[in-house]
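A short worksheet on the structure shown next.
The values are calculated or read from the model by the stated rules, or taken from the named source; none is laboratory data. Bear in mind that the values here come from a model prediction, so they are computed numbers and not experimental data. We place every Cβ from the backbone using ideal geometry, glycine too, and count neighbours over all the protein chains shown.
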Amino acid sequence: MRGRFVFKGARVVDPTAGTDEVRDVWVDQGRIAAGPVEAAETIRAEGLVLAPGLVDLHAHLRQPGFEHKETIETGTRAAAVGGYTAVAAMANTDPVTDHAAIVHEVRDLAAAYGLCDVFPVGAITKGLAGESLAEMGEMVEAGVRMFSDDGNPVPTARLLRNALTYAKAFSAEVVLADHAEDGPLVAGGQMHEGAVASSLGLAGRPAEAEEIAVARDLAIARMTGGRLHLCHLSSARAVELVRRAKADGIRVTAEVTPHHLVFTHEDLVTYDTNLKMHPPVRTHEDREALRAGLADGTIDAVATDHAPHAVEEKEAEFDLSPPGTIGLETALAAVLTELVHPGILPLGRALEAMASAPARILGAGDHGGPIEVGRAANLVLVDLDREWTVEPPFTSKARNSAFTGRRLRGRVLATMLRGELTVANGKATR
Ligand SMILES: [Zn+2]
C-alpha cells in the first residue's frame, strides 16, 4: 500500500544535490510529489534528518541454503530497520549465485518477502571455486551489475584478468568486487598479525596480505580497463594504494565497514568471537587511515559486510568460530556516533558514503537521491540524537554483533520504500 505522506519540517540532507535545508517533502503514488498532496498523512519531522534511503553494497542474506543464519525476509527487515532501501546480496549461498536461475530465485524471494530492494551479486567463478568463470553473460542479461566471489579472494591475477576482460565486453558498467587478501598468506589466521595476536596465542592475518592483493588487483584493473571494486578495506597501505590508483585514473572504487572504522585489534583481548572477521580489524594507525580515506573520498562507500551466523556457531572457540559480524541495524548509528558526532566526518559525506555512492556503484538508479519531484520515494528519517544500547534480540535472525553492549547515538525512526513505510516509529511495519 503506497500512501500519501508529508514529512513536515524535515532537515533534508541530500548528498547528491549537495543540499542541507529545512523543508516539507511530499510523497504520492510512491514518488516524491510537488505538494501539497490532498489527504496526505503527516509525519512530524521537525528536528529530524530526512535523507535518501541507505544502500548497502555488501550483505550476506544467506538464502538460499543457510536459512538457519538469516533469510531474505529477516535480512531485509533488519536492513529496513537500519535505514536501508536497497542491499546487494552476496553470492556465497547454496546453491551459489553463479547462474541466472539463482538470480531470479533471490529476486523473487525479495519481491515476495523483502522489505527493501535486493540486488543479487553474481559469483565470478563457478561454485566460488576460483577455477572457471561463472555464467556471467546470462547473469548480466538478468540484470546483474556486480560480481564477487566474496569470502574468497579471486585467487590468481590471470583469472582476474579474464574476468575483468570478459565483464567489460558485456558492459562498461559491470563491476567486479574482490575480497582482497592473499589466500596462502592468511591461511589459518584468526586476527590481525601483530603484538596482540602474539600475546593471545592466535595465528595472524598480516596486513601485507591485503596490500599484495590490492596492488595486484589495481595492476590488473589498469591493464584491462575493467571496473574494480575493493571490498572492506582494512589497512593503511591499501588505502594509500587506492589513493594513488585513483590519481592515475584507474577505474576503482572501495568500501570500508563500520567495524573497521571503529575497532582495533586491541579490542580482541576478550576473545570476543563477534570481533573475528576477514579481513581483521587492525591497528590504531590503520583505523585512522581508513577514516581519513573515507573523509577524502579515496574510500567511496561504507558497506556493512552483514554476516549473520547462528548462535551456536559463534559460541565455538575463537579459532573454530566463523568470521563476521552483523551490521545492517547498527551501521548508520555507528558512523554517526564514532565519526559524525565527534566531527571527523561531515553528515553530508557520511550519507553520501552510505546512500548515493553505493547506489551509483551498484547502478541502483532509484536509490541514493536526489530527493526531488518525480523520483522514487526511497527515504530514511533519522533522529541524530536518540541514544540506544545495542543488545539482542535483533531484527536479524542472528545476534553476532560486534557492537553488542555499545551505546550509540542516532536512530532510524522511519524508512520508506517507494512510498511505503517499511519502518515507522523505529519498528518494521511487517
Ligand atoms: Zn569479504
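Going by the structure shown, is Ala254 within 26 Å of Glu352 (Cα to Cα), within 16 Å of the ligand (Cβ to nearest atom), in contact with a helix residue (DSSP H, G or I) (Cβ under 7 Å, 6 or more places away or on another chain) and in contact (Cβ under 8 Å) with a residue 40 or more places away in the chain?
Working: within 26 Å of Glu352 (Cα to Cα): yes; within 16 Å of the ligand (Cβ to nearest atom): yes; in contact with a helix residue (DSSP H, G or I) (Cβ under 7 Å, 6 or more places away or on another chain): yes; in contact (Cβ under 8 Å) with a residue 40 or more places away in the chain: yes.
Considered against the rule, which asks whether it is within 26 Å of Glu352 (Cα to Cα), within 16 Å of the ligand (Cβ to nearest atom), in contact with a helix residue (DSSP H, G or I) (Cβ under 7 Å, 6 or more places away or on another chain) and in contact (Cβ under 8 Å) with a residue 40 or more places away in the chain, Ala254 comes out as yes.
Of everything in segment 46-69, what is closer than 27 Å to Pro153 by Cβ, touching a His at 6+ places or on another chain (Cβ under 7 Å) and away from the ligand (no atom under 16 Å from the Cβ)? Give them in sequence order.
Val55, the sole residue that qualifies.
Does Gly130 qualify as being within 16 Å of the ligand (Cβ to nearest atom), in a loop (DSSP other than H, G, I, E, B), modelled with pLDDT of 95 or more and not hydroxyl-bearing (Ser, Thr, Tyr)?
On the way: within 16 Å of the ligand (Cβ to nearest atom): yes; in a loop (DSSP other than H, G, I, E, B): yes; modelled with pLDDT of 95 or more: yes; not hydroxyl-bearing (Ser, Thr, Tyr): yes.
In short, yes.
Give the residues of segment 14-28 that are surrounded by 13 or more Cβ atoms within 10 Å (Cβ to Cβ) and at pLDDT below 95, sorted by residue number.
Within segment 14-28, Thr16, Ala17 qualify.
Within segment 261-296, restricting attention to residues that are within 16 Å of the ligand (Cβ to nearest atom) and among the basic types (Lys, Arg), which residue is surrounded by the most Cβ atoms within 10 Å (Cβ to Cβ)?
Arg282
Name every residue in segment 336-348 that is closer than 17 Å to Gly83 by Cα and either acidic (Asp, Glu) or touching a Gly at 6+ places or on another chain (Cβ under 8 Å) (or both), in order of residue number.
Leu336, Thr337, Val340, Gly348
Based on what the data block shows, is Gly30 touching a residue at least 24 places away in the same chain (Cβ under 8 Å) and farther than 24 Å from Ala359 by Cα?
When the stated conditions are applied, Gly30 does not pass them.
I'd like the residue in segment 151-203 that is among the small types (Gly, Ala, Ser), in contact with a strand residue (DSSP E or B) (Cβ under 6 Å, 6 or more places away or on another chain) and not in a helix (DSSP H, G or I) and, out of all such residues, is farthest from the ligand (Cβ to nearest atom).
Among them, the one singled out is Gly189.
Report whether or not Gly143 is modelled with pLDDT of 95 or more, in a helix (DSSP H, G or I), away from the ligand (no atom under 16 Å from the Cβ) and at positive phi.
Values: modelled with pLDDT of 95 or more: yes; in a helix (DSSP H, G or I): no; away from the ligand (no atom under 16 Å from the Cβ): yes; at positive phi: yes.
For Gly143, the condition - modelled with pLDDT of 95 or more, in a helix (DSSP H, G or I), away from the ligand (no atom under 16 Å from the Cβ) and at positive phi - is not met.
Given the options Arg349, Arg406, Arg418, name the one that is surrounded by fewer than 24 Cβ atoms within 10 Å (Cβ to Cβ) and either over 18 Å from His260 (Cα atoms) or not charged (D, E, K, R) (or both). Step through it out loud before you land on a result.
Details: Arg349 fails: either over 18 Å from His260 (Cα atoms) or not charged (D, E, K, R) (or both); Arg406 fails: either over 18 Å from His260 (Cα atoms) or not charged (D, E, K, R) (or both).
Result of the check over Arg349, Arg406, Arg418: Arg418.
So in segment 204-251, with the set limited to residues that are of a type in the set (Gly, Ala, Ser), more than 16 Å from the ligand (Cβ to nearest atom) and under 24 Å from the mean Cα position of the chain (by Cα), which one is nearest to Val281 (Cα to Cα)?
Ala236
If we scan segment 94-111, do we find a residue that is within 16 Å of the ligand (Cβ to nearest atom), modelled with pLDDT of 95 or more and either out of contact with any strand residue (DSSP E or B) (no Cβ under 6 Å at 6 or more places or on another chain) or assigned by TED's automatic domain parsing to the domain that holds Thr74 (or both)?
Looking through segment 94-111, at least one residue is within 16 Å of the ligand (Cβ to nearest atom), modelled with pLDDT of 95 or more and either out of contact with any strand residue (DSSP E or B) (no Cβ under 6 Å at 6 or more places or on another chain) or assigned by TED's automatic domain parsing to the domain that holds Thr74 (or both).
Within segment 352-371, count every residue that is more than 26 Å from Gly35 (Cβ to Cβ) and crowded, with 23+ Cβ neighbours inside 10 Å.
The qualifying residues number 6.
In segment 5-18, which residues are in a strand (DSSP E or B) and either within 16 Å of the ligand (Cβ to nearest atom) or under 24 Å from the mean Cα position of the chain (by Cα) (or both)? Spell out the reasoning first.
Step one: list which residues in segment 5-18 are in a strand (DSSP E or B), which gives 5-14.
Within segment 5-18, Val12, Val13, Asp14 meet the criteria.
Only residues in segment 297-315 that are assigned by TED's automatic domain parsing to the domain that holds Ala80 and away from the ligand (no atom under 16 Å from the Cβ) count as the first member; pair them with residues that are of a type in the set (S, T, N, Q) and not in a loop (DSSP other than H, G, I, E, B), Cβ under 7 angstrom, at least 6 apart or cross-chain, and list the lot.
Asp300/Thr253; Lys314/Thr273; Lys314/Asn274
Where the second residue is at pLDDT 95 or above and surrounded by fewer than 19 Cβ atoms within 10 Å (Cβ to Cβ) and the first is farther than 12 Å from Met139 by Cβ and lies in segment 164-175, which pairs have Cβ atoms under 7 Å and are six or more apart or on separate chains?
Correct list of pairs: Lys168/Gly225; Glu173/Gly363.
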